[in-house]
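The values are calculated or read from the model by the stated rules, or taken from the named source; none is laboratory data. Please read these numbers as outputs of a predicted model, since none were measured by experiment. Every residue, glycine as well, gets a Cβ built from its backbone with ideal geometry; the counts of neighbours run over all protein chains shown.
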Amino acid sequence: MYTIRYILGAALIIILAVVWNYITTSLSVRTFSRELGLKNIAATKTIVQKIDTHAHFLPPFYYDTLKRMGLDKEGPLNSMPKWNAKDHLAFMDKLGIETAILCISSPGARLPGHTLQEAGTLAREVNNFGHMMAVTYLGRLQFFASLVLPDVEGSIDEAIRALDTLEAAEGIHPTPKRGHKYVVRQTRKSGSLSPKKMEVLNSRGATIFVHPHSLPDTLNLEVPPFIVDFLLDTTRAAATLVMNNVTARFPNLKWILGHSCGFMPFAGYRIGSALSLVTGESAESFLRELRRFYVDTAVSSSPSALPSTIAFLTTEHLIFGSDYPFAPNMVIERETAQLDTFLKLELDSWHQINHRNVARVFGSRLNNRRKKLR
Ligand SMILES: [Zn+2]
């Protein structure tokens, strides 16, 4: 009797041990596989070289001009960062960034008190400096041609000069002045005044990088503009663009809006349906146009920002950006790590965001320059 009980007890213990072993092994295998998968992805990710479409430079003469005018205290942290190619390239190496496409940041080329002519001269000097950087660091540094609004005609002439005779990436960066009217309004105006010139950019499939600035109607509130106002600036630019049919009228132009286009992806459905109510046109058409935009990940890779951006625009319209040197290095490193470890991101999507989308958006010039690095 005792023997049977002993045997049954032993058998039960063995069965429980087997079941327990199966459960724990299964769990540990799954956990291990997950870790192994992540490690493999992380290892693969370090090999790929990123393209950064949201990076800034401050040519020495530009920095000196800002300082002379007392504008060097206007950076995000009440100081304008200094820039040099050597430090930038070292930081790019650290983060696995192969190519950065540079432009000047706020306050742009149209400085307070400057005439349009003076602003145009400054923009040309900035573009010539960008050309020098692109030639010196072929494939690693490129630049968006800086343009001055509201000089639409002059801007398009300068865009063509930069795209045809300088080493500019196939992209432009219009910078309005303080208290600006939106780039969009200018574009709309140009559509009526000079459609042929706009069509030149459209026919080339040029890329337009819209970087946020202080709002034209800023109230000088205590919270610095870059904390909240910048997010509204690009969101409002996107809504204004689609409301004025600019994206539909010039469908070959590609638009990159900085910092995930503020909160546009989060509020996209609301913006589309509200524009429909105001204009009587279909919400679907506005949603379709809003989804044409590309946005960058600069300081926008948080666990709450990425899901909403990807849900509205998909990973095909998301592009890596750093905001160097205006964002502190540690912030850029944190944001990049958040993008790299975002668990919902498949490896293929990660490649799209970090280089493949840019290679598709820009013309062959960018890709040819990069090939020379190999
Ligand atoms: Zn920036």
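Of these, THR247, THR279, which one is over 23 Å from the mean Cα position of the chain (by Cα), of a type outside the set (Asp, Glu), more than 16 Å from the ligand (Cβ to nearest atom) and in the same structural domain as SER301 (by TED's automatic domain parsing)?
It is THR279.
Does ILE310 meet the test of being buried (at least 21 other Cβ atoms within 10 Å of the Cβ) and either of a type in the set (Phe, Trp, Tyr) or assigned to a helix (DSSP H, G or I) (or both)?
Numbers: buried (at least 21 other Cβ atoms within 10 Å of the Cβ): no; either of a type in the set (Phe, Trp, Tyr) or assigned to a helix (DSSP H, G or I) (or both): yes.
No; evaluated as a whole, the condition is false for this residue.
Which one of these is part of a helix (DSSP H, G or I) and small (Gly, Ala, Ser): SER300, SER285?
Residue meeting the stated conditions: SER285.
For the structure I just gave you, tell me whether VAL358 is of a type in the set (Val, Ile, Thr) and either at pLDDT below 95 or assigned to a helix (DSSP H, G or I) (or both).
Against the criterion (of a type in the set (Val, Ile, Thr) and either at pLDDT below 95 or assigned to a helix (DSSP H, G or I) (or both)), VAL358 qualifies.
On the basis of being assigned by TED's automatic domain parsing to the domain that holds PHE226, away from the ligand (no atom under 16 Å from the Cβ) and surrounded by fewer than 19 Cβ atoms within 10 Å (Cβ to Cβ), does LEU89 make the cut?
When the stated conditions are applied, LEU89 passes them.
Which strands (runs of 3 or more DSSP E) does the stretch 77-172 wholly contain that include 2 or more residues that are more than 20 Å from PHE61 (Cα to Cα)?
By residue number, 97-103.
Among all residue pairs at least 6 apart or on different chains, which show Cβ distances below 8 Å where the first residue, located in the stretch 97-110, is among the aromatic types (Phe, Trp, Tyr) and the second is within 15 Å of the ligand (Cβ to nearest atom)?
Listed pairs, sorted by first residue: none to list.
Every residue, every condition in (1) away from the ligand (no atom under 16 Å from the Cβ); (2) in contact with a strand residue (DSSP E or B) (Cβ under 6 Å, 6 or more places away or on another chain); (3) assigned by TED's automatic domain parsing to the domain that holds PHE91, yes or no:
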{"position": "PHE293", "(1), (2), (3)": "yes, yes, yes"}
{"position": "SER300", "(1), (2), (3)": "no, no, yes"}
{"position": "PHE312", "(1), (2), (3)": "yes, no, yes"}
{"position": "SER322", "(1), (2), (3)": "no, yes, yes"}
{"position": "GLU333", "(1), (2), (3)": "yes, no, yes"}
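From the list PRO216, PRO265, PRO251, which residue is at pLDDT 90 or above and part of a loop (DSSP other than H, G, I, E, B)?
Testing whether each residue is at pLDDT 90 or above and part of a loop (DSSP other than H, G, I, E, B) leaves just PRO251.
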